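Following: one structure in structure tokens, then a few remarks.
The values are calculated or read from the model by the stated rules, or taken from the named source; none is laboratory data. What you are looking at is a predicted structure, and each value in this text was computed from that prediction instead of being measured. When we count neighbours, we look across all protein chains shown, and the Cβ atoms used for this are built from the backbone with ideal geometry, even at glycine. Each accessible area value is taken on the protein alone, full model and side chains, heavy atoms only, with ligands, DNA and RNA left out. Shrake-Rupley method; radii C 1.70, N 1.55, O 1.52, S 1.80 Å.
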Amino acid sequence: MTEIWQLYKNGHWVVPFLTGAIYLFVAASFIFYLIIVASRNRNIKREKLRLEYETQIERVMSSVIFEDVLFSEIKKDKNFMVLFDTRFFREVLTETLINLHKNYEGIYAQKLEQFYKDSALIKDSYKKLKNFNWEVKCKGITELSEFKINEAFEQIIACSKARNKTLKITAINAGIRLEGTKGIVHLTEHSDIIDEWTQVNIISAFKKHDIGDTKGVELLLESQNTTVISLGLKLIKELKLTQKVPFVAELTAKAPNTIIKYEAQSVLQALTL
């Protein structure tokens, strides 16, 4: 220990240390620069590929929508299938399908949904749903709900219990899109707090998807979780569900706390005026 102290006091170590630190800094900076350049080049290459892919995809999608061409016929195009076997091409294809599906209705939308299933892109979405990365999982949920894959409902709703707020909201919104009020009734058993931001997103999903059947919304008022009760009251008020007035009136009489009681009275007043 004494030798180390003497070595520190005489200061002979300072020059080698500073020299080494400078070399290390220069090396780290150079490596960091190379990583940035490589990343930029990779992104440029991907964007060029995307443009090339989109041109081919638009041609194929046009034939699917307007010429009733099935995927079984498209498979005969070897050049297309070579590209189809690459993951990035399928990602671009899925993104294009989603954008088209959002803009088409009726028979055209059904053709896109059928292509999504026949091409096995649905399998990619299920894989994303099982991924541990929440961003990838959100992608899978969005894809499955966009193409109305009701069979995925239970797996999607299981994600609504996630800690990640974005994943939670994405799963609940997808559940509402697929099964209407069934997509939120499960919240009755939730012990987690449903914060204001999540509540706003749920209400927006109901309005966006124009859910006609609101049977079951009143079940939220029976939850032991006060934030779920608050969500139920907000939904009833925002959607002007006057048929739920008896349930709100019952809640005012047995509210778990004064805050919920006042909120229920406010909703009751708004619906009965």
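What to note about this one:
- Any hit, the stretch 175-182, residues being under 25 Å from GLN155 (Cβ atoms) and exposed (fewer than 15 other Cβ atoms within 10 Å of the Cβ): no
- So ASN257, is it open to solvent by 10 Å² or more (accessible area, probe 1.4 Å) and closer than 28 Å to THR166 by Cβ: no
- Number of the condition not met by ARG87 [criteria: (1) farther than 15 Å from ARG46 by Cβ; (2) open to solvent by 90 Å² or more (accessible area, probe 1.4 Å)]: (1)
- Wholly within the stretch 34-103, helices (runs of 4 or more DSSP H) carrying at least 1 residues that are more than 27 Å from the chain's Cα centre (by Cα) and farther than 17 Å from LYS117 by Cβ: 78-84
- Single residue of GLU222, GLU196, GLU218 found to be at pLDDT 85 or above, surrounded by 20 or more Cβ atoms within 10 Å (Cβ to Cβ) and among the charged types (D, E, K, R): GLU218
- Consider the stretch 150-168 and keep the residues that are surrounded by 20 or more Cβ atoms within 10 Å (Cβ to Cβ) and β-branched (Val, Ile, Thr). The one that is farthest from PHE132 (Cα to Cα) is ILE157.
- Residues satisfying the stated conditions in the stretch 102-121, i.e. open to solvent by 30 Å² or more (accessible area, probe 1.4 Å) and under 22 Å from LEU167 (Cβ atoms): LYS102
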